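For reference, the structure is listed below as structure tokens.
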Amino acid sequence: MSTPQGMRSRQTMDMLNSDWSIEPAGVKTLAAPDQVDDITYRMKWIWWDRPFKLTGIDIGAGQSTLHVTNSYGVNQDIQLHVDGKGTVDRMEVSLRPPPVKSWADVDAAIAKSGAHYSYQVAKVVDGKCVKVAGTNVDEPMPLASIMKIYVLLAVARAVSAGTLSWDDKVTVTAEGKKLGSAGMDNLAPGTQVTVHEAAQQMISVSDNMATDMLINKVGPAAVDEALVVAGHHDPASLTPYPTMHELFSIGWGKPDVRDQWKNGDKAQRTALLQQVSSRPYEPDPYRTRTPASSIGAEWYGSAADICREHVAVQAAAVGPAAPVRDIMSKVAGIDLDRAKWPYLGSKGGNLPGDLGFSWYAVDHTGQPWVVNFQLTWPTFKGQTAAQWLLSIIKQAFDLIPVQ
């Protein structure tokens, strides 16, 4: 380890395992000047998943590969290349996916992470979900942004009923942008967009502002009704349906009302939702990465609920509501053989400690399937978690008994 690449390997491990956050000032002591920004980004990406255990190292001429395992058991490789001055001029981080050859392997790989989880693979037969494989399929778990399918269903039903048009307008607000607006962040407050555009942004990039725009447009009661139509196992538990503004205010806002929510009964929680809805959302920077599902501040549904939710929104995609089918499939959310899987209606979700993915997948014979996974941890997980879970799910798709 006395070579430049050996010393930089040790320094990389020390920085990744330190409680000092990864910042350019520190990375300047490791990286070549023109690579500081890139390497800071790559190290920040994985730093949240510390501590890292070094399981092996390969040293070569001017380079090294660190084989590491992160705090929840994910295996990764960190490749370093050093220049003539002994500084790192290239860093690549890659995942080593766990091998999945059976449904038991799916369970083993996820269980190793320490997550509490559920998943289901179901064949859709006559509009019903027939389980092929799964674990904890009837247990309510955090939905995160998978809850937005219920909002889209409410929109689709309103369009079909003639009370709403895809061309109707909703308005961008400064308050809404505080919630996160990946697709419309560049739009000034007061800008109007169509219901169709808002729905597309809500599904494709999980735009939170768009979600609340649509809930407010159709009315919370319409989403409550969508829960019933979609066969949620306990619609009352999500009634009134919390907006993004309301749940974010409770989970990550000021003032801190987490204990009130955690200890409140149904009536007290409903009153708290009304209370926070009447004031601006002020994010608390000290709790940005603190899971709120630990206090029950989430939208909840089971794997079986998610399957019914997907089936319901696809069934609603007829007549004036037909665009729903394309809205759901604009972003596939996973890299699969599209000759085998020509249609992928996709929605994922990610909040601190909570991670989920779901698909309404139609195979090359025209047979629909619903595949969904929900994981929750008591602590925040970095972006590697999604990459790792998708690597498992991609292999799980190969286990589906397509004819």
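Only the coordinates and a few stated rules stand behind these numbers; no lab work does. From a predicted model like this one, the values you see are computed outputs, not experimental measurements. In this analysis, Cβ positions are derived from the backbone assuming ideal geometry, glycine residues included, and neighbour counts consider all displayed protein chains.
Its Cα gyration tensor gives the chain an equivalent ellipsoid. The semi-axes, each the square root of 5 times an eigenvalue, are 39, 26, 20 Å from largest down.
Modelled spin labels at residue 45 and residue 177, positioned 7 Å past Cα toward Cβ, are 2.9 nm from each other.
Rounded to the nearest 500, the helix-only mean residue ellipticity at 222 nm of the chain stands at -10500 deg cm²/dmol, with each DSSP H run of n ≥ 4 adding -39,500 (n - 2.57). Once you order the gyration tensor axes a ≥ b ≥ c over the Cα atoms, which shape class does segment 1-49 get: rounded for a/c under 1.5, otherwise prolate or oblate by comparing a/b with b/c? Verdict is oblate for segment 1-49. The residue 284 and residue 386 beta-carbon pair, evaluated with R₀ = 25 Å, returns a calculated FRET efficiency of approximately 0.55.
Approximating the spin labels as points 7 Å out from Cα along Cα→Cβ, the residue 216-to-residue 34 distance works out to 4.8 nm. Gain on full extension, evaluated as 0.36 nm per residue between residue 25 and residue 367 minus their Cα-Cα distance, stands at 117.7 nm. Distance from the C-alpha centroid of segment 66-111 to that of segment 136-167: 37 Å, rounded to the whole angstrom.
The overall shape of segment 257-301 is oblate: from the C-alpha gyration tensor, with semi-axes ordered a ≥ b ≥ c, the ratio a/c is 1.5 or greater and a/b is no larger than b/c. With a cut-off of 13 Å on the backbone N, the residues of segment 110-139 near the modelled label site 7 Å out from residue 234 along Cα-Cβ are 138-139. Loop only by DSSP, 11 or fewer other Cβ within 10 Å of the Cβ. Give me the chymotrypsin sites (Phe, Trp or Tyr not before Pro) in segment 330-399 that pass, ordered by residue number. Counting only loop positions with at most 11 other Cβ atoms within 10 Å, none of the chymotrypsin sites (Phe, Trp or Tyr not before Pro) in segment 330-399 qualifies. With 0.36 nm allotted per residue and the present C-alpha distance subtracted, the residue 326-residue 398 stretch has 23.5 nm of extension available. Counting other Cβ atoms within 10 Å as a rough exposure proxy, the listed residues 34, 138 run 34, 138 from fewest neighbours to most.
In a simple Cβ point-charge model (Lys, Arg +1; Asp, Glu -1; nothing else charged), segment 4-95 has a dipole of about 200 debye relative to its Cα centre. Once the C-beta distance of residue 165 and residue 18 is scaled by a Förster radius of 56 Å, the resulting FRET efficiency is 0.55 to the nearest 0.05. As a proxy for reagent exposure, 286, 241, 300 were ordered by neighbouring Cβ count within 10 angstrom, fewest first; the result is 286, 300, 241. Exposure proxy ranking for 173, 191, based on other Cβ atoms within 10 angstrom of each Cβ and starting from the fewest, stands as 191, 173. Maximal additional length on extending the residue 103-residue 90 stretch stands at 0.9 nm, based on 0.36 nm per residue less the C-alpha distance. For segment 289-386, the Stokes-Einstein estimate of translational diffusion at 20 °C and a viscosity of 1.002 mPa s comes to 146 µm²/s, using the Kirkwood hydrodynamic radius over alpha-carbon pairs.
The charge dipole of the chain, taken about the Cα centre with unit charges on the Cβ atoms of Lys, Arg (+1) and Asp, Glu (-1), comes to about 280 debye, rounded to the nearest 20. Under the criterion of Cα pairs below 8 Å and six or more residues apart, the relative contact order for the chain equals 19 percent.
With a ≥ b ≥ c taken as the square roots of the eigenvalues of the C-alpha gyration tensor of segment 4-95, please select rounded if a/c is under 1.5 and otherwise prolate if a/b is larger than b/c or oblate if it is not? Oblate, because a/c is 1.5 or more while a/b does not exceed b/c.
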